[in-house]
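Asks: Would you mind keeping the following structure in view while I ask a few things?
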Amino acid sequence: MLGCCSAAESYGLPVPQQAGLHVALEPNSSRLRSSTNASRHVPAGAEPGVHLHWRDRRVGHQRFRVGLVDALQQMVLCVGEEWSVAAIDAARMKTPGSEGHLDDAFYRMLVRFCAGASGDIAGLSVRGAESPLESIVRLRLQRMGLEPVIQLPIGKYRADIVIGDRLVIECDGTQHATAEQFVRDRDRDALFAARGYRVLRFTYAQVMQSWDSLVVPAILAALHGSGDLHGSGGFLHGSGRNRDFS
């Protein structure tokens, strides 16, 4: 049965690249079969790229995958904060009633299930993030002590992330590769600039591969230049965890 990242991906949720195959097993499972040859038994952990999850199931499951809450809980315990929160954010943004949608009641259930062993990772989710990259950038900015605001309306658009009074961070995922989206992005940048905002636009590769060497210096330099770094809008007040149970 698919579990963790494999189940989450089947629900249409974002998962890390090259996450491998994640299989959910009954707590008493012992005689394991090969993922490529059902007639061959293999010891646990013997197959590269195959991740096994022995977990009691919390919610109902389908024949080939665990339930959504169980898949997300397994991600919290397996892949850590960033991709788990990105998947939870995405599930909460899906159309109610659609496959992979996590409603408020099941979100609160997930937070309870994840409390303790995984800290408060599930509670870091906020409603409104429109891409996994946006969720990851938000979490990293919060760890820096900043207070990012997501999807802030500016004119006819919504800025991905705003820090302080005048800094816009745009997160360009794979959907920004088309010529049409390129033109739309330039239109967004021009409108934001006309409203007095400075815009920093980062690609997926820049965020995931050059965060410390490129992204952080650019953001800090922009904040220093605008005076927001030490202003009331620049630093996070309280614990730094933007909990959203609404």
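Asks: In segment 20-34, what residues are outside any strand (DSSP E or B), surrounded by 11 or more Cβ atoms within 10 Å (Cβ to Cβ) and either modelled with pLDDT of 90 or more or among the hydroxyl-bearing types (S, T, Y) (or both)?
Replies: G20, S29, S34
Asks: Does segment 162-210 hold any residues that are free of Cβ contacts under 8 Å to residues at least 60 places away in the same chain, small (G, A, S) and surrounded by 13 or more Cβ atoms within 10 Å (Cβ to Cβ), and which are they?
Replies: Passing the criteria: G173, S210.
Asks: Here is a further query. Right, Q181: outside any strand (DSSP E or B), at pLDDT below 95 and in contact with a helix residue (DSSP H, G or I) (Cβ under 9 Å, 6 or more places away or on another chain) or not?
Replies: Working: outside any strand (DSSP E or B): yes; at pLDDT below 95: yes; in contact with a helix residue (DSSP H, G or I) (Cβ under 9 Å, 6 or more places away or on another chain): yes.
So Q181 fits the description; yes.
Asks: Within segment 144-153, can one find any residue that is within 28 Å of A87 (Cβ to Cβ), β-branched (V, I, T) and touching a residue at least 24 places away in the same chain (Cβ under 8 Å)? If you could, list the steps in order and put the result at the bottom.
Replies: Of the residues in segment 144-153, the ones within 28 Å of A87 (Cβ to Cβ) are 144-153.
So of that shortlist, the ones also β-branched (V, I, T) come out as 149-150.
Checking which are touching a residue at least 24 places away in the same chain (Cβ under 8 Å) leaves us with 150.
The answer is yes, given that some residue of segment 144-153 is within 28 Å of A87 (Cβ to Cβ), β-branched (V, I, T) and touching a residue at least 24 places away in the same chain (Cβ under 8 Å).
Asks: I would also like to ask the following. Among (1) buried (at least 22 other Cβ atoms within 10 Å of the Cβ); (2) more than 22 Å from Q17 (Cα to Cα); (3) assigned by TED's automatic domain parsing to the domain that holds P217, which single condition is P153 missing?
Replies: (1)
Asks: Residue by residue through segment 129-160, note down the ones that are under 21 Å from T95 (Cα atoms) and of a type in the set (S, T, N, Q).
Replies: Result: S131, S135, Q151.
Asks: I'd like to check something: does segment 166-176 contain any residue that is at positive phi, modelled with pLDDT under 95 and not hydroxyl-bearing (S, T, Y)?
Replies: Checked segment 166-176: no residue is at positive phi, modelled with pLDDT under 95 and not hydroxyl-bearing (S, T, Y).
Asks: Going through segment 191-213 one residue at a time, which ones are assigned to a helix (DSSP H, G or I) and under 21 Å from the mean Cα position of the chain (by Cα)? Give the steps one after another, and end with the answer.
Replies: Step one: filter segment 191-213 for residues assigned to a helix (DSSP H, G or I), giving 191-194, 204-209, 211-213.
Across segment 191-213, the qualifying residues are Y204, A205, Q206, V207, M208, Q209, W211, D212.
Asks: Something else about it: When S232 is evaluated against the numbered criteria (1) within 16 Å of E134 (Cα to Cα); (2) modelled with pLDDT under 50; (3) of a type in the set (S, T, N, Q), which criterion, by number, is the only one it fails?
Replies: For S232, the exception is condition (1).
Asks: Hey, any hits in segment 113-124 for a residue that's in contact with a strand residue (DSSP E or B) (Cβ under 9 Å, 6 or more places away or on another chain) and of a type in the set (D, E)?
Replies: Within segment 113-124, not a single residue is in contact with a strand residue (DSSP E or B) (Cβ under 9 Å, 6 or more places away or on another chain) and of a type in the set (D, E).
Asks: Just for segment 103-147: of the residues that are touching a Cys at 6+ places or on another chain (Cβ under 7 Å) and part of a loop (DSSP other than H, G, I, E, B), which one is surrounded by the fewest Cβ atoms within 10 Å (Cβ to Cβ)?
Replies: S131
The values are calculated or read from the model by the stated rules, or taken from the named source; none is laboratory data. Since the model is a prediction, treat every value here as computed from it, not as a measurement. FYI the Cβ positions are ideal-geometry reconstructions off the backbone, even for glycines, and counts take in every protein chain you see.
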